[in-house]
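> Starting off with a structure, shown below.
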Amino acid sequence: MVAWKEHERAIAHRLGGVRTGPSGREGPDISHPRYAIECKESRDPLPQWLRGAINQVVSGAPKDKLPMVIFHVVGDKHDEDLVVIRLVDFERFID
C-alpha cells in the first residue's frame with residue numbers, strides 16, 4: 001500500500017469522510033459533507049519552530065478552548081493567514 005493513500009484513508013475514516021482517490025481533476029482528497037479535506041504527507045519532520053508554536057498554545061490553552069496557531073506573512077492580507085490545529089484537538093471540537 002502506498003503511504004499517502006493510507007494516510008488519506010486514515011484521515012477519511014477518522015473524520016467520517018470518504019477518500020476520493022486520484023481522479024485527474026482538482027478537488028479535495030476526501031469527500032465529506034462539511035469539509036473540503038486535502039491531505040499532505042511529508043517524510044521530512046515539520047520545522048521545529050512550527051512544532052514549538054503548536055506546543056506553546058496546546059500547553060497554555062484551557063481544556064474548553066480550541067488551541068490554534070495563526071501564521072501570517074508580513075505584507076499579506078490577513079485573509080491569507082493559515083490556521084493550524086492538531087487533528088486530535090479538531091476532532092474534540094467538531095461534535
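> Pick from HIS13, HIS78, HIS32: which residue has the top mean-square fluctuation in a GNM of the chain where Cα pairs under 10 Å get a spring?
Greatest mean-square fluctuation among the candidates belongs to HIS78.
> Sticking with this structure for a sec: In whole Hz, with x marking every Gly and Pro, tabulate ³J(HN,Hα) for region 15-20 from phi via Karplus 6.51 cos²θ - 1.76 cosθ + 1.60, θ = phi - 60°.
Calculated HN-Hα couplings, in order: 9, x, x, 10, 5, 8 Hz.
> Continuing with the same structure: For the chain, which span is the longest to avoid every loop-located (per DSSP) member of GluC sites (Glu not before Pro) having at most 14 other Cβ atoms inside 10 Å?
Segment 42-95 is the longest.
> Something else: Hey, can you grab everything whose amide H is under 5 Å from the amide H of ILE30? Only 5+ residues off in sequence or another chain; H modelled, so Pro and N-termini drop out.
Close amide H contacts, sequence-distant or interchain: THR20, ILE37.
> Hey, another quick one. So what is the accessible area of region 8-80 per residue, in Å², with the probe set to 1.4 Å?
81 Å²
> Rounded to the nearest 0.05, what FRET efficiency do ARG34 and SER59 give with R0 = 22 Å and r taken as the Cβ-Cβ distance? Could you check?
Working from the Cβ atoms, E equals 0.15.
> Still on this structure, I have one more. Tally up the carbon and sulfur contribution to the accessible surface of region 15-95 as a whole percent, 1.4 Å probe, everything protein left in place.
Ligands and nucleic acids excluded, carbon and sulfur reach 54 percent.
> Which residue fluctuates most in the GNM of the chain (Cα springs below 10 Å): GLY27, GLY75, GLY17?
Result: GLY75 has the largest fluctuation of those listed.
> Continuing with this model, one more query. Using a Gaussian network model of the chain whose springs link C-alpha atoms within less than 10 Å, name the residue from ILE37, ILE54, ILE70 with the highest mean-square fluctuation.
Most flexible of the set in this elastic network: ILE70.
> Hey, any idea what Rg/Rh is for the chain, computing Rh the Kirkwood way over Cα pairs?
Here Rg/Rh amounts to 0.99.
The values are calculated or read from the model by the stated rules, or taken from the named source; none is laboratory data. What you see is a predicted model; the values in this text were computed from it and never measured. We place every Cβ from the backbone using ideal geometry, glycine too, and count neighbours over all the protein chains shown. Protein only, heavy atoms only, side chains kept; ligands, DNA and RNA dropped before computing areas. Shrake-Rupley method; radii C 1.70, N 1.55, O 1.52, S 1.80 Å.
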